[in-house]
Amino acid sequence: MEAWKHFNPVRIIAKHDARKELPQILSHYIDMSALLSPRSDTPQAVVLYSLLLVTSAGMIRRKTADLLMADIPATWSVCEISPEPDLDILDQKIQELREQEKSKGKILAVIALGGGSVMDSAKAIACGLQTEFKTPLHAWLRDKKELNVSPLPLILLPTNAGTGAEITPFATIWDNKNKKKCSLAGEACFAKVALLDPSLTLSLPWVDTLYGALDAFSHALETLWNTTATPMSLSCAQTALSLVMENLPIIEEFPQNIEARSKVQEAACISGMAISQSHSSISHSISYPLTLHYKVPHGLSCSAFLLPIFDLVEKENAWKIPLDNDFKKQLRDFLKKYAPHKLVRDFCNKEQTQNLVHEMFTPERAGTFVLNLNGNDIKNILENGFTS
Ligand SMILES: [Zn+2]
């Protein structure tokens with residue numbers, strides 16, 4: 001038999017209004033009485049402990065962040081994150097939070113309310129606040145120091161359904177200064193709890209819903225042509241693909257359908273489970289330069305060339321497990337219908353993508369693909385994507 005292993009310590013709670021469980025969940029990890037009566041007995045009565053909410057401008061504007069914080073009457077700090085988090089900006093935010101701790105009290109736990117960028121940033125911050133490095137993310141990501149910390153307890157509430165960051169031990173951080181995508185990875189990047197509350201995704205516009213679903217779809221499909229796939233990841237991948245294909249069209253027609261929203265959220269989490277074992281592959285490898293140079297949103301860039309890669313795997317019969325023809329037809333029809341290979345043309349043209357081939361071919365990602373490819377093969381994939 002082929003050896004395989006599986007490890008994932010994240011507690012998942014998926015239910016309607018799961019966000020309301022936050023106070024109770026938090027009490028498993030921190031001393032709530034200290035948090036809720038935080039002032040010292042000294043005449044200055046300084047605040048001793050606090051919580052940190054990492055979130056997006058949208059969640060603040062729509063007051064969702066306020067509602068969440070109102071459930072726990074503690075001292076809160078709020079850290080606002082923009083899409084595709086930048087390494088230097090995150091370092092700066094960690095320094096600011098350390099300064100704030102002097103007046104607002106030591107942060108006992110980090111709660112993230114947002115999409116992949118927010119959750120990835122929260123992972124970096126939960127690690128960064130626990131170290132004595134002056135610039136911890138630099139140290140880990142530019143100088144490749146080992147990520148060997150016990151992070152603050154981290155609870156993630158995804159507000160989209162896509163990256164699966166709530167379940168993976170990875171955080172993507174962008175080093176814009178050096179035009180590089182960095183990955184913070186390791187057990188320190190696992191959250192304690194993922195609270196999957198589909199009502200948090202109801203206000204997500206269609207385009208973000210689509211890009212998120214395409215990201216989850218990519219994670220699952222990339223597992224099926226991945227040399228590191230395991231029986232567990234392959235099973236997760238097939239389930240996630242079916243859930244996306246069945247439920248995304250329902251959301252497209254009825255955006256407020258909470259059942260369909262919950263199923264796509266489930267798919268994102270399950271495909272995150274798949275890549276947390278099997279990693280992503282060639283399609284993600286192609287995507288990162290597109291995001292760095294042309295600001296293609298992640299869910300679109302990683303799915304933009306799935307169709308030509310799908311056809312290549314099919315031609316070479318290189319699937320990691322046999323798939324029935326009906327299922328393969330459904331997968332291909334889904335890609336044709338939502339057409340990420342066409343949507344990407346709003347951001348860059350064929351020549352622009354082909355000029356980036358040397359950056360797309362990263363051994364750690366391209367190396368997990370079931371076929372041996374060279375730069376010319378990637379060029380052909382790009383060509384076929386633009387002519388499909
Ligand atoms: Zn992805």
Let me confirm something: among S278, S271, which residue is in contact with a helix residue (DSSP H, G or I) (Cβ under 7 Å, 6 or more places away or on another chain), within 13 Å of the ligand (Cβ to nearest atom), more than 30 Å from N355 (Cα to Cα) and polar (S, T, N, Q)? S271
Go through (1) at pLDDT 95 or above; (2) surrounded by 15 or more Cβ atoms within 10 Å (Cβ to Cβ) and name the single condition S280 misses. (1)
Within the range 356-370, the residues that are surrounded by 15 or more Cβ atoms within 10 Å (Cβ to Cβ) and of a type outside the set (F, W, Y) are L356, V357, E359, M360, T362, R365, A366, G367, T368, V370
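Do you know which of the residues in the range 19-48 that are modelled with pLDDT under 85 and in a helix (DSSP H, G or I) is nearest to the chain's Cα centre (by Cα)?
Among residues in the range 19-48 that are modelled with pLDDT under 85 and in a helix (DSSP H, G or I), the one nearest to the chain's Cα centre (by Cα) is L35.
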Give the residues of the range 355-374 that are in contact with a Phe, Trp or Tyr (Cβ under 9 Å, 6 or more places away or on another chain) and part of a helix (DSSP H, G or I), sorted by residue number. E359, M360, R365
Scan the range 78-89 for residues that are touching a Leu at 6+ places or on another chain (Cβ under 8 Å) and either of a type in the set (D, E, K, R) or modelled with pLDDT under 95 (or both) and jot them down. L87
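Taking the range 49-65 on its own, how many of its residues are within 13 Å of S77 (Cα to Cα) and at pLDDT below 95?
Result for the range 49-65: 2.
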Scanning the range 156-173 for residues that are of a type in the set (A, V, I, L, M, F, W, C) and surrounded by 24 or more Cβ atoms within 10 Å (Cβ to Cβ), which turns out nearest to the chain's Cα centre (by Cα)? A165
For the range 183-208, pairs from a residue that is over 22 Å from L300 (Cα atoms) and part of a strand (DSSP E or B) to a residue that is among the aromatic types (F, W, Y) and modelled with pLDDT under 95, with Cβ under 6 Å and 6 or more apart or across chains, are A185/F170
S271 vs (1) modelled with pLDDT of 95 or more; (2) hydroxyl-bearing (S, T, Y); (3) not in a helix (DSSP H, G or I): all pass except (3)
What number goes with the only condition from (1) modelled with pLDDT of 95 or more; (2) among the acidic types (D, E); (3) surrounded by fewer than 22 Cβ atoms within 10 Å (Cβ to Cβ); (4) within 25 Å of P289 (Cα to Cα) that D143 does not pass? (1)
Exclusive hit being within 14 Å of the ligand (Cβ to nearest atom) and touching a residue at least 24 places away in the same chain (Cβ under 8 Å), set L323, L292, L306, L312: L306
Listed by first then second residue, the pairs whose first member lies in the range 215-231 and is farther than 16 Å from L331 by Cβ and assigned by TED's automatic domain parsing to the domain that holds I270, whose partner is within 16 Å of the ligand (Cβ to nearest atom) and in a loop (DSSP other than H, G, I, E, B), with beta carbons under 8 Å and at least 6 positions apart or on separate chains, are T227/T368; T228/H279; T228/T368
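The values are calculated or read from the model by the stated rules, or taken from the named source; none is laboratory data. What you see is a predicted model; the values in this text were computed from it and never measured. Cβ coordinates were reconstructed from backbone atoms using ideal geometry, including for glycine residues, and neighbour counts include every protein chain displayed.
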